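The values are calculated or read from the model by the stated rules, or taken from the named source; none is laboratory data. Quick caveat: nothing in here was measured; it's all calculated off a predicted structure. Cβ coordinates were reconstructed from backbone atoms using ideal geometry, including for glycine residues, and neighbour counts include every protein chain displayed.
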Amino acid sequence: MIVFEYIAEALFYGFMILTFMGGFMAVRSKMLMHAVLGLAVSLFGVAGLYFHLGSPFLAMMQILIYVGAVCIMIVLGVMLGNTPDQLAAKNFMGRNMILAIVACATGFASLFVAISQTKFAPAAEKIGDMSIQFVGENLLFKYCLAFELISVVLLTAIIGAIILARGGREEKAS
C-alpha cells in the first residue's frame, strides 16, 4: 500500500510540472503556434490534476472544452487572422491607444468596486457530490439559462471572428 502512495505523489508532482512547464512554454514562446501548444500542454496537466483529485468527469470536461475547443479556436484564429504584413500596416497609436487605455481603466475600476463591495463568506459545507448526475441535473435545471447564455456569447465570438477574418482577406484581394 505504501508503494501506491509514492506513485500517487509522483503523479501529482508530474502533473504539476507538466502544468508549469506548459505555462512557461506558452508565456515565453516567440511563435504563436508554440504558445498554443504550451497552453494545451498546461491544460492537459490541469486535467491530470483534476483526475488525481478524484474527479474524472471534470478532467474529461477540461480536456474536451479547453484543450479541444479553446485551443482549436485559437489555431483557427491564427489561420484566419491577419498576416504580419497586414498587422504592420495598421497604426495602433493615437486614438486607438487612448480608447484602449480608457477601456482598461474602466474595466479595472468596475472590477475594483465590485470586489471591494462584495462580502465574501467561507463555504459552510460541501455543495454537492460533483458526480455526473449532480452536474448534469444542475446544468439542465438550475443553471440552464447561464449555460445557454455562455453558448450564445461563444457563438457570437466565433461569428465575429469569422467576419473580421473575411474582411481582412478581402482587403488584401482588392
Exercise. Does G45 satisfy the condition of being outside any helix (DSSP H, G or I) and not assigned by TED's automatic domain parsing to the domain that holds I163?
Worked result: no
For this session: Would you check which residues across the range 1-55 are surrounded by fewer than 18 Cβ atoms within 10 Å (Cβ to Cβ) and either among the basic types (K, R) or in contact (Cβ under 8 Å) with a residue 40 or more places away in the chain (or both) and list them?
Result: A8, L11, F12, R28, K30, L32, M33, H52, S55
